[in-house]
Amino acid sequence: DTEVTQTPKHLVMGMTNKKSLKCEQHMGHRAMYWYKQKAKKPPELMFVYSYEKLSINESVPSRFSPECPNSSLLNLHLHALQPEDSALYLCASSPKVGTAYEQYFGPGTRLTVT
Amino acid sequence: AQSVTQPDIHITVSEGASLELRCNYSYGATPYLFWYVQSPGQGLQLLLKYFSGDTLVQGIKGFEAEFKRSQSSFNLRKPSVHWSDAAEYFCAVDTEYGNKLVFGAGTILRVKS
C-alpha cells in the first residue's frame, strides 16, 4: 500500500471556526510533511515531522497547529484563519528524514476560508 | 540555498510528438532531483528521481530525464506524448541534509489532438 489519504477533500470554514485536516499513511514511514499550495503556484513546505516529533517549522503562523499523534497519522489544526489561507493543503510521507528519500503525496484538502 | 528554475510556464505539443521539459537547479553540492506530475486539483505523483549513478534515469509512464552537472540541468523527456499526459509538471531539488524539497514554478503541458 503506497497510499497517503487525506480528509476531508474539501473544507469551507469561516474565520472564527476551528477545524482540522487529517492525513494517514500505512507504509511504515517515519517522516510526514504538510505543504501549502496556492493556485498556479508550487507546493511550499510548512512542517516536517520525524519520528512523531516536529523537526521543521517553516515560520508558519500559529493559527496553523500541527500534531502527530502516532507514526501513521498527521493532523493540521486550523483556527482563526484568514481568506488568504485558502489553498490546497498537501500531506506527504517518506521512509525517513535525511539523505533524500522520495516523498509520497496525498490528494490534498481544498480549503476555502470565507 | 537551493533553487529550481523551470523556464517554460506553458508548453503545447501535438499528441504523438516528443516532449522535453526544462529544469535548471542551483545548488553547490550533490543535488537530489525529482520530477513530479500533478493533475488539476490532485496531489503530486513522482515520475522519477536522480540520486547518483547513471545520469539517464527512467521513470513511470514512459518518461526519462537526464542529469547534466555541467549545465545544472535535469530535463524531462518523453518520445511520444499521449493526451493523458496533459498536467502540470514540477521539478524539485533536495539537499544532502534531506527532505526539504524545493519546487520549481511548474510547467503546464497541453496536448492537442
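The values are calculated or read from the model by the stated rules, or taken from the named source; none is laboratory data. Just so it is clear, the model here is predicted, and its values are computed rather than measured. Note: ideal-geometry Cβ built from the backbone for every residue, glycine included; neighbour counts use all protein chains shown.
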**Report entry** the range B:20-47: number of residues that are surrounded by 20 or more Cβ atoms within 10 Å (Cβ to Cβ), of a type in the set (A, V, I, L, M, F, W, C) and either at the interface with chain A (Cβ under 10 Å from one of its Cβ atoms) or over 21 Å from A:Gln37 (Cβ atoms) (or both)
**Finding:** 3
Query - A:Arg110 surrounded by fewer than 19 Cβ atoms within 10 Å (Cβ to Cβ), within 10 Å of another protein chain (Cβ to nearest Cβ) and in contact with a His (Cβ under 9 Å, 6 or more places away or on another chain) - result: yes
Query raised in the report: Quick one: would you say A:Glu84 is assigned to a strand (DSSP E or B), among the acidic types (Asp, Glu) and either in contact with a His (Cβ under 7 Å, 6 or more places away or on another chain) or farther than 22 Å from A:Glu3 by Cβ (or both)?
Result: no
**Report entry** Qualifying positions in the range A:14-24 - farther than 15 Å from A:Thr109 by Cα and not small (Gly, Ala, Ser)
**Finding:** A:Met15, A:Thr16, A:Asn17, A:Lys18
Query raised in the report: In the range B:83-103, how many residues are buried (at least 17 other Cβ atoms within 10 Å of the Cβ), outside any strand (DSSP E or B) and modelled with pLDDT of 95 or more?
Result: 2
Requested in this report: Tell me the strands (runs of 3 or more DSSP E) entirely within the range A:1-72 that contain at least 2 residues that are free of Cβ contacts under 8 Å to residues at least 60 places away in the same chain.
Outcome: A:18-25, A:31-37, A:44-50, A:53-57, A:64-70
Requested in this report: Look through the range A:93-107, keep the residues that are within 7 Å of chain B (Cβ to nearest Cβ) and within 19 Å of A:Asn70 (Cβ to Cβ), and return whichever of them is farthest from the chain's Cα centre (by Cα).
Outcome: A:Val97
Report summary line: Within the range A:80-107, residues surrounded by 15 or more Cβ atoms within 10 Å (Cβ to Cβ), more than 28 Å from B:Thr30 (Cα to Cα) and of a type in the set (Asp, Glu) come out as A:Asp85
Query raised in the report: Any residue in the range A:45-56 that is surrounded by fewer than 21 Cβ atoms within 10 Å (Cβ to Cβ), closer than 27 Å to B:Leu33 by Cα, within 10 Å of chain B (Cβ to nearest Cβ) and under 13 Å from the mean Cα position of the chain (by Cα)?
Result: yes
Query raised in the report: Could you say which residue among B:Leu76, B:Leu33, B:Leu44 is in contact with a strand residue (DSSP E or B) (Cβ under 6 Å, 6 or more places away or on another chain), free of Cβ contacts under 8 Å to residues at least 60 places away in the same chain and closer than 16 Å to A:Gln103 by Cβ?
Result: B:Leu44
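Kindly check whether there is at least one residue in the range A:27-44 that is within 14 Å of the chain's Cα centre (by Cα) and farther than 19 Å from B:Ala92 by Cβ.
Narrowing the range A:27-44 to residues within 14 Å of the chain's Cα centre (by Cα): A:31-38, A:43-44.
Going one step further and asking which of them are farther than 19 Å from B:Ala92 by Cβ, we end up with none.
No: zero hits.
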